[in-house]
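*Asks:* The structure's right below; bear with me while I get my questions together.
A short reminder: the numbers here are calculations on the coordinates, not readings from a lab. Since the model is a prediction, treat every value here as computed from it, not as a measurement. Note that we place each Cβ from the backbone using ideal geometry, even for glycine, and neighbour counts take in every protein chain shown.
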Amino acid sequence: MKRLLVVFLAAVAFCACGRKTITGVAFPEPPIEIACNEDFGMELINYFNIIQLPGGTYRMYFSGNEKNGIAEDEWSQNLYWAESADGFHYELKGKVMDAIIEQSVCRVEDKEWPFRLVGNQIVDGKHCMFLWKSKDGVTFTDPVLLHPDKHDTQNVMVPRGRKMKLYSRVTQEHYKNRRITLTEYDLDGKQLSASEVLAGDFLYNNAASAADQRYDLLFPTYYNTHGGTTDACFFRCYLADGPFVRELPCALNRWIEADEHWFLAAPGFVIIDGERYLAFNTRTESHENSHTGMVSKYKLVKTVLEYR
């Protein structure tokens, strides 16, 4: 028995030593445009993510305002879905839900209800975060309130077995210090941990993407200045490492055009033909002028995780 214990501990030590650590994220090629609001007949497209179904089909979920609709503001967006056979060309399929924004859809380990949706809806003037489940990824039912009055939630759920990690954006001081909180829930919406404010400062739009089995990567789009303005855009990558957020080298900045305002709203990694891509959206007008002739586009950029 003692000999077996020694062999086991040696094997564990070997695995630990051979485990690689992510040291950076590279984007070796320019982004590829995969969809535009004009392609879907929308006034605006925003807050999207892409998942791959078991049969190989890629499904895109996104918020949007239909042209000539009655949307009065950005919070009147609805949730739509589109599909693709190759991951690059998408066809609009229909509407999933009314009046939801900043949402994320993912597959989880649940044979009967394999889809989960987390999103922000306004109830009595408050931004509330809910969880829905679905059998087919199109009809979502049984909403569960996860958090009342959660400020400006940019959330992505990362399944870990029977648990979900939800990263949400909160404001410490009005539009001057936005931080990320991490909260764990089970697949039915039961809270398993207290909300924990992670390290990092002035993170504006951000989301979490599953990098590999050990890590989640946070990709904020740009920093607020201390005055609360967003005139400068800086892409930076952060690695959620336990209770901390560690900054990583990131070269996505060089692909930003002078007349573009870039946002990463609920992005995620997508594997296409064995290559890893980061999905994100861009805007040609500022956030404050979101309904004055803005063109919003979805793009993919090839992503290489650097290890040591």
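*Asks:* Express in nm, to one decimal, how much length is gained between residue 251 and residue 23 on full extension, taking 0.36 nm for each residue of separation and deducting their alpha carbon distance.
*Replies:* Values: separation 228, 0.36 × 228 = 82.08 nm, distance 1.30 nm.
Extra length available between residue 251 and residue 23 comes to 80.8 nm.
*Asks:* Also, quick follow-up: Under a plain spin-label model, where a point goes 7 Å from the Cα along Cα-to-Cβ, how far apart in nm are residue 191 and residue 91?
*Replies:* Here the answer is 4.4 nm between the modelled labels.
*Asks:* Sorted from fewest to most neighbouring beta carbons within 10 Å, what does the list 241, 124 look like?
*Replies:* 124, 241
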